[in-house]
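Novice: Mind looking over this structure? Questions follow.
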Amino acid sequence: MKTNPASAFPATRLRRNRKADWSRRLVSENTLSVNDLIWPLFLIEGKGKREPIPSMPGVERLSVDEAVRAAEEAVNLGIPVLALFPHTSMEKRDTMGSLATDPNNLVCQATRAIKKAFPQIGVLCDAALDPFTSHGHDGLMDGERILNDETVEVLVRQSLMQVEAGCDIIAPSDMMDGRVGAIRAALEEAGHIDTQIMSYAAKFASAFYGPFRDAIGSSGALKGDKRTYQMDPANGDEALREVALDIAEGADMVMVKPGMPYLDVLHRVKETFGLPTFAYQVSGEYAMLAGAIDNGWLDRDRVILESLMGFKRAGADGVLTYFAPVAARLIQKL
């Protein structure tokens, strides 16, 4: 940024614009609204069940009827989209992730129930196999190798089934090559021309996913790691290539995941492509902040809003965050 040498102290006093609340609001460069929030929900079997997740203080797994209650809360708060993730017990998992393509799985049940009760809210469904596989990976396996093309075929079937249940946004999170194009082609062929795709275009092989794997029941199942398909945390240029490919294949929106450790990637993606770009404030980010808040080390309200504003400042059009209902209430008070 160039500095005008004539604009020196005392002619320029930057604190003038900070002197009062009205002035700070007047010159604010970024805004955070309820419209920026996507609320992820975890689903469990049963009725009337709310099951705390120890590694994510304040977050619970919800039975389908309780997820509908959460949807009502989201509607009342003005949160535009819910993202659904199932907890699958080990006895219902297999090497093929067969439950992923079962039209009566938890995600499809919850999607139908939520859209019936509140058709005005958006529902985002994750397209991936890791919540359903006994080995905890996002793809089918041949020995130690993740099978790309065979996995994509299953993801296409899973996506079509979710859309039939009422899903508005398909979000492929598996990081298989070519899956966005295959899903888009299948949606078009089936007449689902208005279904949106939000691709996890830059999803890194991160250590910040641990609590999420606890939440969906994959932490004990995962064998090995996901570095052959999720991205190397050292690579930023490669992230832009991934995003470019997904846009060419038909993605309407893209996501960078995790969020806070990858703000530079988020900024580059938005600056380069100008597409609606989202960040996922993942489970590990949430757990760190929630743990510090619970210990009294951080001011809850301020740190939640500041962390979300950081994503907006970096270029995000919206954020998937477990703080969504809390943040929505805080924003309404501003």
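Novice: Has the range 225-235 got any residue that is out of contact with any Phe, Trp or Tyr (no Cβ under 6 Å at 6 or more places or on another chain), under 28 Å from PHE42 (Cβ atoms), hydroxyl-bearing (Ser, Thr, Tyr) and crowded, with 24+ Cβ neighbours inside 10 Å?
Specialist: Scanning the range 225-235 turns up no residue that is out of contact with any Phe, Trp or Tyr (no Cβ under 6 Å at 6 or more places or on another chain), under 28 Å from PHE42 (Cβ atoms), hydroxyl-bearing (Ser, Thr, Tyr) and crowded, with 24+ Cβ neighbours inside 10 Å.
Novice: In the range 192-199, is there at least one residue being surrounded by fewer than 20 Cβ atoms within 10 Å (Cβ to Cβ) and touching a strand residue (DSSP E or B) at 6+ places or on another chain (Cβ under 8 Å)?
Specialist: Yes, some residue in the range 192-199 is surrounded by fewer than 20 Cβ atoms within 10 Å (Cβ to Cβ) and touching a strand residue (DSSP E or B) at 6+ places or on another chain (Cβ under 8 Å).
Novice: Among the residues of the range 25-43, is there at least one that is surrounded by 11 or more Cβ atoms within 10 Å (Cβ to Cβ), farther than 25 Å from LEU308 by Cβ and in contact (Cβ under 8 Å) with a residue 40 or more places away in the chain?
Specialist: No, that holds for no residue.
Novice: Within the range 151-170, does at least one residue satisfy the condition of being buried (at least 23 other Cβ atoms within 10 Å of the Cβ) and closer than 22 Å to GLU285 by Cβ?
Specialist: no
Novice: Right, something else. Among residues belonging to the range 135-150 that are touching a strand residue (DSSP E or B) at 6+ places or on another chain (Cβ under 9 Å) and acidic (Asp, Glu), point out the one that is surrounded by the most Cβ atoms within 10 Å (Cβ to Cβ).
Specialist: The residue in question is ASP138.
Novice: Filter the range 247-292 down to residues that are among the β-branched types (Val, Ile, Thr) and surrounded by 19 or more Cβ atoms within 10 Å (Cβ to Cβ) and give me whichever is nearest to TYR209 (Cα to Cα).
Specialist: Top of the filtered list is VAL282.
Novice: Of everything in the range 104-114 that's in contact (Cβ under 8 Å) with a residue 40 or more places away in the chain and among the polar types (S, T, N, Q), which residue is surrounded by the fewest Cβ atoms within 10 Å (Cβ to Cβ)?
Specialist: Looking at residues that are in contact (Cβ under 8 Å) with a residue 40 or more places away in the chain and among the polar types (S, T, N, Q), I get GLN109.
Novice: While we're here: Being under 16 Å from the mean Cα position of the chain (by Cα) and within 21 Å of LEU41 (Cα to Cα) is the filter; apply it to the range 293-315 and report the residue that is surrounded by the fewest Cβ atoms within 10 Å (Cβ to Cβ).
Specialist: Applying the filter and picking the extreme gives SER307.
Novice: Taking the range 135-154 only, how many residues are in contact with a Leu (Cβ under 8 Å, 6 or more places away or on another chain) and either farther than 21 Å from ALA221 by Cα or in a helix (DSSP H, G or I) (or both)?
Specialist: Pass one, the range 135-154, residues in contact with a Leu (Cβ under 8 Å, 6 or more places away or on another chain): 135-141, 146-147, 150-151, 154.
Okay, now just the ones that are also either farther than 21 Å from ALA221 by Cα or in a helix (DSSP H, G or I) (or both), so 150-151, 154.
Looking only at that region, the number is 3.
Novice: Could you tell me whether any residue of the range 312-324 is under 20 Å from ILE53 (Cβ atoms), assigned to a helix (DSSP H, G or I) and not polar (S, T, N, Q)?
Specialist: Yes - at least one qualifying residue is present in the range 312-324.
Novice: A further question on this structure: Taking LEU334 as the residue in question, decide whether it is in contact with a helix residue (DSSP H, G or I) (Cβ under 9 Å, 6 or more places away or on another chain) and either modelled with pLDDT under 95 or surrounded by 16 or more Cβ atoms within 10 Å (Cβ to Cβ) (or both).
Specialist: For LEU334, the condition - in contact with a helix residue (DSSP H, G or I) (Cβ under 9 Å, 6 or more places away or on another chain) and either modelled with pLDDT under 95 or surrounded by 16 or more Cβ atoms within 10 Å (Cβ to Cβ) (or both) - is met.
Novice: Give, as residue ranges, the helices (runs of 4 or more DSSP H) completely inside the range 170-258 that count at least 1 residues that are farther than 23 Å from ASP142 by Cα, touching a residue at least 60 places away in the same chain (Cβ under 8 Å) and of a type in the set (Asp, Glu). Working first, answer last.
Specialist: On the way: elements: 179-189, 210-216, 237-249.
Output list reads 210-216, 237-249.
Novice: Would you please name the residue that is modelled with the lowest pLDDT, looking only at residues in the range 115-134 that are surrounded by fewer than 21 Cβ atoms within 10 Å (Cβ to Cβ) and in a loop (DSSP other than H, G, I, E, B)?
Specialist: Checking each candidate, the answer is SER134.
Novice: Here is a further query. List the number of the failed condition for ILE53; all other conditions in (1) surrounded by fewer than 15 Cβ atoms within 10 Å (Cβ to Cβ); (2) touching a strand residue (DSSP E or B) at 6+ places or on another chain (Cβ under 9 Å); (3) not acidic (Asp, Glu) hold.
Specialist: Looking at each condition in turn, ILE53 falls short on (1).
Novice: Considering (1) over 22 Å from ALA215 (Cβ atoms); (2) without any contact (Cβ under 8 Å) to a residue 60 or more places away in the chain, say which one ILE146 fails and leave the rest.
Specialist: (2)
Novice: Follow-up. So which of ALA248, ALA239, ALA292, ALA324 is closer than 19 Å to ILE79 by Cα and of a type outside the set (Val, Ile, Thr)? If you could, list the steps in order and put the result at the bottom.
Specialist: On the way: ALA248 fails: closer than 19 Å to ILE79 by Cα; ALA239 fails: closer than 19 Å to ILE79 by Cα; ALA292 fails: closer than 19 Å to ILE79 by Cα.
Result of the check over ALA248, ALA239, ALA292, ALA324: ALA324.
Novice: Let me ask you something else. Which number in (1) at pLDDT 95 or above; (2) under 16 Å from SER173 (Cα atoms); (3) of a type in the set (D, E, K, R); (4) surrounded by fewer than 20 Cβ atoms within 10 Å (Cβ to Cβ) marks the one condition that ARG213 misses?
Specialist: With (1) at pLDDT 95 or above; (2) under 16 Å from SER173 (Cα atoms); (3) of a type in the set (D, E, K, R); (4) surrounded by fewer than 20 Cβ atoms within 10 Å (Cβ to Cβ) applied to ARG213, the lone miss is (1).
Novice: Separate question: Can you tell me which residues in the range 62-85 are in contact with a Lys or Arg (Cβ under 9 Å, 6 or more places away or on another chain) and either farther than 13 Å from PRO325 by Cβ or assigned to a loop (DSSP other than H, G, I, E, B) (or both)?
Specialist: SER63, VAL64, ASP65, GLU66, VAL68
The values are calculated or read from the model by the stated rules, or taken from the named source; none is laboratory data. This is a predicted model, so every value here is computed, not measured. A quick note on method: Cβ atoms are made from the backbone with ideal geometry, for glycine too, and the neighbour counts reach across all protein chains shown.
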